[in-house]
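Okay, structure first, notes after.
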Amino acid sequence: MSLFDKLREWFGGGASDSAEQEGGVAMISCEDALRLVYEFMDGELVDASAEEVKQHFDMCQRCYPHLRLEAAFRDALKRATSGQAAPPELRDKVVALLEQARTEG
Ligand SMILES: [Zn+2]
């Protein structure tokens, strides 16, 4: 299963504005989530931390594009380093995400 399929599984249709935080459960900060995103994608985080990061990206509309961007970028990179050419649609997706990230600041 590719990283993208995993992401789709996690976020597909699930994340919406109604997914608000319940009770006083502390969520990790955006800063922490973004700092841990690489380890998260590499599967290097232990269960509890991975769950916290996943939960953050589930809930946080602001960080979610970053996760998608990193995932798309790494997927393209992985293909490039393994000798496979990235398919045009993936390249377009990465470019679109980069463009989106840039305009959103
Ligand atoms: Zn966030």
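Per-structure values
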item: Any chance residue 92 is of a type in the set (D, E, K, R), in a helix (DSSP H, G or I), farther than 15 Å from residue 6 by Cβ and within 11 Å of the ligand (Cβ to nearest atom); result: no
item: Helices (runs of 4 or more DSSP H) within segment 1-61 that include 2 or more residues over 22 Å from residue 90 (Cβ atoms) and modelled with pLDDT of 90 or more; result: 30-35, 47-59
item: Of residues in segment 35-61 being in contact with a helix residue (DSSP H, G or I) (Cβ under 6 Å, 6 or more places away or on another chain) and near the ligand (Cβ under 8 Å from one of its atoms), the one nearest to residue 102 (Cα to Cα); result: 57
item: Residue among 71, 86, 80 that is more than 12 Å from the ligand (Cβ to nearest atom), within 17 Å of residue 3 (Cβ to Cβ), at pLDDT below 90 and not in a helix (DSSP H, G or I); result: 86
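For (1) on the phi < 0 side of the Ramachandran plot; (2) surrounded by 15 or more Cβ atoms within 10 Å (Cβ to Cβ); (3) touching a residue at least 24 places away in the same chain (Cβ under 8 Å), each residue gets a yes or a no:
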{"site": "44", "(1), (2), (3)": "yes, no, no"}
{"site": "48", "(1), (2), (3)": "yes, no, no"}
{"site": "68", "(1), (2), (3)": "yes, yes, yes"}
{"site": "83", "(1), (2), (3)": "no, no, no"}
{"site": "89", "(1), (2), (3)": "yes, no, no"}
{"site": "101", "(1), (2), (3)": "yes, no, yes"}
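The values are calculated or read from the model by the stated rules, or taken from the named source; none is laboratory data. None of these values were measured; they are calculated from a predicted model. So basically every Cβ, Gly included, is an ideal-geometry build from the backbone, and we count neighbours across all protein chains shown.
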